[in-house]
Every structure is written in structure tokens, then in C-alpha cells.
1. Looking only at segment 55-77, filter to residues that are free of Cβ contacts under 8 Å to residues at least 60 places away in the same chain and among the β-branched types (Val, Ile, Thr); which one of those is nearest to the ligand (Cβ to nearest atom)?
2. Keeping to segment 219-242, report how many residues are more than 8 Å from the ligand (Cβ to nearest atom) and modelled with pLDDT of 90 or more.
3. Suppose the filter is more than 16 Å from the ligand (Cβ to nearest atom), buried (at least 16 other Cβ atoms within 10 Å of the Cβ) and in contact (Cβ under 8 Å) with a residue 40 or more places away in the chain; does Val17 pass it?
4. How many residues are hydrophobic (A, V, I, L, M, F, W, C) and in a strand (DSSP E or B) if we restrict to segment 150-166?
5. Does segment 102-157 hold any residues that are over 16 Å from the mean Cα position of the chain (by Cα) and without any contact (Cβ under 8 Å) to a residue 12 or more places away in the chain, and which are they?
6. Just to confirm my filter: which strands (runs of 3 or more DSSP E) fall fully inside segment 167-249 and include at least 2 residues that are of a type outside the set (Ser, Thr, Tyr) and without any contact (Cβ under 8 Å) to a residue 60 or more places away in the chain?
7. Of all residues in segment 152-199, which are among the charged types (D, E, K, R) and buried (at least 16 other Cβ atoms within 10 Å of the Cβ)?
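The values are calculated or read from the model by the stated rules, or taken from the named source; none is laboratory data. Please read all numbers here as calculations on a predicted model, not as lab measurements. Neighbour counts are summed over all protein chains in view; Cβ atoms, including those assigned to glycine, are modelled from backbone coordinates with ideal geometry.
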Amino acid sequence: MRSAAHLKGHPIHPMLVAFPIAFLTGAFGFDLAYWLTGQGAFWATGYYLALLGVLTALVAAVPGLLDYLRVVPPRSSARNRATLHLALNVGVIALFGAALLVRGELLPRLSTVLLLEGLGTALLAVSGWLGGELAFKHQVGVENRYARAGRWRELTLERSVGGPTVVAAEGELEVGQMKLLRFRDRRLVLARTEDGFACFEDRCTHKGGSLAGGTLACGTVQCPWHGSQFDVRTGVVRAGPATEPVATFPVDVVAGEVQLRG
Ligand code: FES
């Protein structure tokens with residue numbers, strides 16, 4: 001068992017993606033300009049921009065992959081989008097990488113370079129739109145704040161849900177605060193309400209939003225994606241669009257420790 005650092009998201013990811021987007025679209029633009037004008041300087045500029053674009057895309061892929069593995073809720077609509085986003089980005093890097101190889105040949109074929117880069121730019125546009133959806137609609141990398149939310153807390157346990165497990169110290173959470181519990185096979189949320197501790201599945205039954213990233217008030221948690229509300233003790237739906245309750249789990253406080261009964 002170990003405590004995890006803050007992993008709600010990597011704000012560096014959306015900052016870094018601006019570089020490959022600018023460099024790669026710029027490379028296509030300069031190569032098009034070379035095709036139109038025959039100016040060698042445009043061709044050379046296109047080469048360096050493409051090279052920088054591929055390199056910075058590889059750098060931006062590192063926090064992106066971490067977000068995909070650790071932040072995007074599993075079994076959610078965001079996961080499907082993120083998977084497509086990842087696949088498209090791999091395609092973009094492959095297409096611009098192939099264009100770099102072609103232009104490095106003794107007799108580079110301009111039409112092939114433009115075709116590869118044009119396809120890469122089209123994929124980049126779709127992938128960029130999906131990335132925007134993930135950030136603004138699914139709030140990946142966004143820390144949702146509300147009154148007395150406290151700092152983001154999470155705990156990773158290298159085991160499955162089941163059996164008594166210490167998941168927090170009694171004083172760790174104040175009323176209205178939550179903590180994400182990552183098990184090998186599930187994600188649960190520990191919440192402290194006016195009536196004590198409660199534990200429930202970190203998966204909104206509407207489209208899989210992470211409830212740990214939502215808002216907790218008066219024993220009700222609100223999903224950050226479309227606003228469904230659940231009673232954290234019983235799991236019943238207090239407000240839609242969700243119609244199914246979330247699973248809940250019994251917790252006890254024993255000698256100052258919060259224990260999940262399993
Ligand atoms: S995913 Fe839609 S309300 Fe939670």
C-alpha cells in the first residue's frame with residue numbers, strides 16, 4: 001500500500017501540445033508554399049518544422065500517456081475518446097515521420113511528402129478536437145474546486161477490493177471532502193459527510209464520470225460531467241440524467257483509522 005502523489009491530471013500536457021500542433025501544421029504550410037513558389041527556403045523551413053514537430057510530439061506524448069493511464073476514468077465515454085485521441089496522435093507522428101524519411105532521400109518526391117503531411121494535418125485536426133473535448137467537456141486535467149473541498153487526495157492499493165483495509169486516518173478528511181481509492185480492479189471514493197464516512201464506486205452510472213472529481217455537499221455527490229447526483233450512503237440517484245444507483249461499500253472507524261470492510 002502506498003500513498004500516491006497528486007495525480008488529478010497533468011496541466012503540462014495541454015501546454016506542451018501547442019508546440020507539435022504549431023510546428024507540424026507550419027511544416028505542411030511551408031511545404032505547400034514551396035510547391036507553389038519553388039523557393040528552396042520554404043522547403044528547408046518545412047523540414048526543420050517537421051523535425052521539431054515530431055520531436056515535441058514525442059515529448060508531449062509522455063504526460064499524455066500518463067493522463068490516459070491514470071486520470072481518464074476507466075469504462076467511461078471519455079476513455080473511448082481518449083483511446084481514439086491516442087491512436088490518431090500515433091498516426092500523426094507516423095505520417096510526419098514517414099514524410100521526413102521521404103524528403104531525406106536523394107530525389108525526394110514532393111507530392112508524396114505533401115500527401116503524407118496533408119493526411120497528418122487532417123488527423124491532427126480531428127485529434128486536437130478530441131483533446132479539447134477531453135479537457136473542456138470531460139475535465140481531464142482539471143481540478144474541480146468547491147467550498148471546503150480541500151486538496152486532492154488519493155491512495156493506491158496493490159490489491160483487489162475485499163476484506164478489511166485501512167484507507168485513511170480519521171482526521172484526514174473534513175466534512176464535505178473526498179479521497180480517491182485506487183484498487184487493482186476498481187476505483188472507489190471515500191467521503192466524509194455530516195453523518196460520518198461513506199464509500200462508493202468512483203463511476204457515475206450515466207457515462208462513467210469520476211465522482212471523486214465531483215462535488216460533495218450534505219451527503220450528496222454530484223458528477224462533474226452532466227450533474228447527476230447520488231446519495232453517498234445508499235448510492236441512490238437523487239438527480240439524473242443517471243438512473244442507476246452507484247455501488248456503496250461499508251466503512252468503519254476503528255481506533256482512529258477508517259477501514260473499508262470490503
Ligand atoms: S457521466 Fe453523465 S452525469 Fe455522470
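1. Of segment 55-77, the ones free of Cβ contacts under 8 Å to residues at least 60 places away in the same chain are 55-66, 68-69.
Filter again for among the β-branched types (Val, Ile, Thr), leaving 56, 59, 62.
Numbers: Thr56: 33, Val59: 32, Val62: 28 Å.
Looking at residues that are free of Cβ contacts under 8 Å to residues at least 60 places away in the same chain and among the β-branched types (Val, Ile, Thr), I get Val62.
2. Qualifying residue count, segment 219-242: 14.
3. Working: more than 16 Å from the ligand (Cβ to nearest atom): yes; buried (at least 16 other Cβ atoms within 10 Å of the Cβ): yes; in contact (Cβ under 8 Å) with a residue 40 or more places away in the chain: yes.
Here the answer is yes, as Val17 does meet what is asked.
4. First, the residues of segment 150-166 that are hydrophobic (A, V, I, L, M, F, W, C): 152, 155, 157, 161, 166.
Next, only the ones that are in a strand (DSSP E or B) stay: 155, 166.
So the answer is 2.
5. Gly104, Glu105, Leu106, Leu107, Pro108, Arg109, Ser111, Leu115, Ala122, Ala125, Arg145
6. Details: elements: 178-182, 187-193, 196-201, 215-217, 220-222, 229-231, 237-239.
Fully inside segment 167-249 and qualifying: 178-182, 187-193, 196-201, 220-222, 229-231, 237-239.
7. Of all residues in segment 152-199, those among the charged types (D, E, K, R) come to 153-154, 158-159, 170, 172, 174, 179, 182, 184-187, 192, 194-195.
Once the filter is applied, which keeps residues that are among the charged types (D, E, K, R) and buried (at least 16 other Cβ atoms within 10 Å of the Cβ), segment 152-199 yields Arg153, Glu154, Glu172, Lys179, Arg182, Arg186, Arg187, Arg192.
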